[in-house]
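A.B. asks: Here you go, one structure.
Nothing in this text is a laboratory measurement; each read-out follows from the coordinates by a stated rule. The shown structure was predicted, so the numbers you read here are calculated from the model rather than taken from an experiment. Backbone-built Cβ (ideal geometry, glycine too); neighbour counts: all protein chains shown.
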Amino acid sequence: MAKYLVSFPSDAMAVPEEGLQAVSDAAHAVVQEAKDAGVWVFGGGIDESVPPVLVAGDGAVTQGTYPQTRQLDGGFAVLEVPSRDAALEWAAKFATACRCAQEVRTFAYDPAS
């Protein structure tokens, strides 16, 4: 089985304040469904109150991220499913719950894992 990253940026989730609890409840329901199905690996939301840093091989720490990288924020889930089609089906469930499109990326095969 392959692992897939399902994610969205914060800006994609344009939900009015009064709708946030419904979105949260729906997203948690999909997470629980994924756990019950045995496909959930891990996931969560990026803590946007903590700015990113870059750490070099010598341990030097600088504020920010790679200049060519768009900001990484929002939420994500890593799922282990039997096919890309299955990953797309789960992404559709998250898209419905979060009320925004989800990006799906495939992790490269790692023979050591």
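A.B. asks: Quick one: which of 91-98, 22-29, 11-18 comes out on top by average Cβ neighbours within 10 Å, and what's the full order, highest first?
C.D. replies: Result, highest mean first: 91-98, 22-29, 11-18.
A.B. asks: If you stretched the chain out fully between ALA112 and ALA14, how much longer would it get, using 0.36 nm times the residue separation minus the C-alpha to C-alpha distance?
C.D. replies: Taking 0.36 nm per residue and subtracting the Cα distance, the gain is 31.3 nm.
A.B. asks: If we count other beta carbons within 10 Å of each Cβ, what is the order of PHE107, PHE8, fewest first?
C.D. replies: Sorted ascending by nearby Cβ count, the order is PHE107, PHE8.
A.B. asks: Here's another thing I want to ask about it. Mean projection of the alpha-carbon convex hull of the chain over all orientations, in nm²?
C.D. replies: 8.9 nm²
A.B. asks: Using a 10 angstrom cutoff on alpha carbons, build the Gaussian network for the chain and name the most mobile of GLY75, GLY19, GLY45.
C.D. replies: In this elastic network of the chain, the residue with the biggest mean-square fluctuation among GLY75, GLY19, GLY45 is GLY19.
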